[in-house]
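Worksheet for the structure shown next.
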Amino acid sequence: QVQMVESGGGSVQAGGSLRLSCTASGTLYNTNCLAWFRQAPGKEREGVAVIKTGDGSTDYADSVKGRFTISQDNAGNIVYLQMNSLKPEDTAMYYCAAGDVLAGIAAALRWEGWYNYWGQGTQVTVSS
């Protein structure tokens with residue numbers, strides 16, 4: 001039984017920073033990517049950042065490039081999302097996920113169906 005648990009969410013003023021973490025317990029079988037998704041009320045869930053565990057390749061949504069950084073600590077199966085220069089439009093529930101992406105890294109955020117392990121989410125609220 002696999003559990004993925006996010007932490008680090010909270011409320012921050014626009015321009016501030018937060019660092020999210022996700023810790024996986026149990027063995028993640030048939031997965032090659034760790035990713036962060038987010039969903040705001042009334043909007044579809046969107047991919048934010050992804051890292052391929054094998055080689056460290058990363059990709060980001062255009063809206064967060066230059067502001068967010070995904071990283072992985074294999075000692076403990078932890079994936080991080082460093083979020084800088086936060087904007088009100090970043091307000092959302094953030095989810096970590098693990099999956100087997102049968103395509104290049106550029107496709108990893110385009111379809112959430114790749115991911116079969118999900119955390120419960122952590123809320124990020126950015127005020128103006």
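Read-outs throughout are calculated quantities, based only on the coordinates presented, and are distinct from any laboratory measurement. Values in this document were obtained by computation on a predicted structure and should not be read as measured data. Using ideal geometry, Cβ is built from the backbone for each residue, glycine included, and neighbour counts are taken over all protein chains shown.
Taking every DSSP beta bridge that has both residues in the chain, what percent is antiparallel when rounded to the nearest 5?
Values: 39 of 43 bridges.
Close to 90 percent.
On the principal axes of its Cα set, how long, how wide and how thick is region 19-62? Give whole Å, largest value first.
The Cα atoms of region 19-62 stretch 33, 23, 23 Å along the principal axes, largest first.
Using every Cα-Cα pair within region 42-82, state what percent have a distance larger than 16 Å.
Considering region 42-82, 39 percent of its Cα-Cα pairs are separated by more than 16 Å.
At 0.36 nm per residue, and after removing the present C-alpha to C-alpha distance, how many nm does the segment from Lys43 to Ser25 gain when stretched out fully?
Details: separation 18, 0.36 × 18 = 6.48 nm, distance 2.95 nm.
Net length gain for the segment: 3.5 nm.
Can you list which of the chymotrypsin sites (Phe, Trp or Tyr not before Pro) found in region 29-128 are DSSP loop residues with at most 11 other C-beta atoms within 10 Å?
On the way: sites: Tyr29, Trp36, Phe37, Tyr60, Phe68, Tyr80, Tyr94, Tyr95, Trp111, Trp114, Tyr115, Tyr117, Trp118; in loops: Tyr29, Trp111.
The qualifying sites are Tyr29.
With label points built 7 Å along Cα→Cβ from the Cα atoms of Ile105 and Ser11, find their separation and express it in nm.
The answer from the label model is 3.7 nm.
Using DSSP to call loops (not H, G, I, E or B), can you name the trypsin sites (Lys or Arg not before Pro) in region 12-90 whose Cβ has at most 16 other Cβ atoms within 10 angstrom?
Working: sites: Arg19, Arg38, Lys43, Arg45, Lys52, Lys65, Arg67; in loops: Lys43, Arg45, Lys65, Arg67.
Of the trypsin sites (Lys or Arg not before Pro), the ones in loops of region 12-90 whose Cβ has at most 16 other Cβ atoms within 10 Å are Lys43, Arg45, Lys65, Arg67.
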